1. Using 0.36 nm per residue, how much length does the chain from Gln181 to Glu49 gain when fully extended, once their Cα-Cα distance is taken away?
2. Which trypsin sites (Lys or Arg not before Pro) in segment 196-302 pass both tests, a DSSP loop state and at most 11 other beta-carbon atoms within 10 Å?
3. Length gain on complete extension for the stretch Gln208 to Ala130, per 0.36 nm per residue less the alpha carbon to alpha carbon distance?
4. Taking all protein chains in place and a 1.4 Å probe, what share, in percent, of the accessible surface of segment 159-221 do carbon and sulfur account for?
5. Under a Cβ-only charge scheme (Lys and Arg +1, Asp and Glu -1), can you give me the dipole magnitude of segment 464-539 about the Cα centre, in debye to the nearest 20?
6. Assign one of three labels to segment 444-509, namely rounded, prolate or oblate, based on the Cα gyration tensor with a ≥ b ≥ c the square roots of its eigenvalues; rounded applies when a/c is under 1.5, prolate when it is not and a/b is larger than b/c, and oblate otherwise.
7. Is there a quick way to get the dipole size of segment 403-549? I mean about its Cα centre, with the Cβ of Lys and Arg at +1 and of Asp and Glu at -1; what is the value in debye to the nearest 20?
8. Students sometimes get this wrong: rank Glu289, Glu166, Glu396, Glu375 by accessible area, probe 1.4 Å, all chains present, largest first.
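The values are calculated or read from the model by the stated rules, or taken from the named source; none is laboratory data. This is a predicted model, so every value here is computed, not measured. Note that we place each Cβ from the backbone using ideal geometry, even for glycine, and neighbour counts take in every protein chain shown. With ligands, DNA and RNA removed, areas are computed over all heavy atoms of the protein, side chains included. Shrake-Rupley method; radii C 1.70, N 1.55, O 1.52, S 1.80 Å.
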Amino acid sequence: MSPMAPGDSAPDEGDDARPPHGAHAPERRNPSRAGARALLDRLTDGFREFGPAPMTACAGAGGGAGAGAGGAAARRAAADPVGEGSVGAEPTAGVPTAGESAAGEPVAREQVDGPLGWPGYDQARARARARTGEDESVVCGTGWIGGRETVLLCFEFGYLGGSLGERTGDRIEAAHRRARQLRLPVVTLVATGGSRMQEGMRALAQLQRVARQTALTRAAGLPQLAVVRDPTTGGGWATLAAGADVVLGLPGAQAAFAGSRVRPRDADPAAYTVEGQHAAGHLDLVVPEPQLAPVLAHWLTLLTGGDPDAVRDGAALDPAPVPVVPATAPAPEGGHAGGPAPLPRTGVEAVARARGRQRPRAGAYLDAYFGSRAELSGDRCGGVDPGVRCGFGLHEGRALAYAAQCGTPTRPAGYRTVARLIRLASRLGVPVLTLIDTPGAANGPDDERAGAGPALAEVFDAVAAATVPVTSLLIGEGGSGGALALAAPGRLWVTADSYFSVIAPEPAAAILKRTPDRVPETADALRLRPQDAVDLGVARGIVQVPYGR
């Protein structure tokens, strides 16, 4: 995390929006810096702040020693859903926590200037309370966003730069416990400069506590969304924001591990913004604040199963229906308007049709199949592949996840994004549709250095381990393992404009030291036509194209 706190700035003011050394960017007033309650009022209906009952650890005016006598034991005994243990034993077992000695005995709460006795800390908090009306840097409660009840955590940057202290950790833990008890998604509106240095390692250790709670919520199958406001740096970025299932960002906001005053003097300022994080694959969408409420409402609908009235009892986990092929091109030679497309007669014809410009592409399938959708962006490892589209959409009111190749060689970042999508869908109980269309995995030296093999392995593993049904449709080229990685065993269909092959005919002929004129012969020998895929037991059937509809 950023070692400075709060906000890499003065202990009680916080101003991480200023560029380091006064060099990089003009002064700005960012609406994402608005107060927590004003933002909650704009985004939600019926927001209700959690009362003190579920947050016994943060009761009282003490500086941050924690829950007092028996606090850790009380937290461990608090109600929590079955399945919490699946993530592992409580990390605090056998370790002294706030309010306990190493022997597990209660200790007196520090009353003056926090756990470190930091001079002026109590006065700084008093000024923060007077300035913001809040008694901590995060406000937690439940509210309705677009008709979906949600647990919300909203940081108040005006309170010590939104920094994380022990009482902040108390509130975040209580909010996640409540989300699991109520089976509600979690939306975190982040604006923080990092951990509170006036509480030292007690504050830094809250990152482990926060990570524990988000892991338990993840294991409970509940979606977590984060909105990155200005600024979001240090441990807040590294846990609550970057670790969420879907990460949105407000334009112009800082989003970085390093706060503004600890960056290299010659650092590119763009790398520390939500726009830079989006370009690098770490953030899904940059959303202007006036659009934030409907975007959050849409994502909450997609990640919680769709429209409840549109899903029959027990049908939420039915496999995704096989898409109807959109008719976007005239019938090929031998076909007629209104009738099915003829199947290719030869291997070379199958390859030519799959590579043809007129056949329907992934975008046409997605537009025809989903009433609405929203896309994830990036692999969370520093890469984005524009040739792969992943996200969630509504098909006849039911939420489905999708991963679609767009006809280009798929890069490692694309495969990692697909794996991310399938794992998220499995955890949330959302069936998956994959659209396959690639000449193969990208294989240049940069792709190898970026981990082409490990990235492919991730997708094979994600499909094999999926706990939801995966439906696959080959819509164009099916080039070797780069295409097979997205294919669901036993649930693959093909179109008449596709081919699937262990290798494309041209490199196959080259490997066999055959002259170019023998490529057609090689294509036939590979049995790569769509009807061959069915005959060989690789595909379940052919989805015909009713040309001229």
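1. Using 0.36 nm per residue and subtracting the Cα-Cα distance, I get 45.9 nm.
2. Answer by residue number: Arg265.
3. That works out to 25.1 nm of additional length.
4. 57 percent
5. 200 debye
6. The shape class here is oblate.
7. Dipole of segment 403-549, to the nearest 20 debye: 420 debye.
8. Reading off the accessible areas and sorting them downward yields Glu396, Glu375, Glu289, Glu166.
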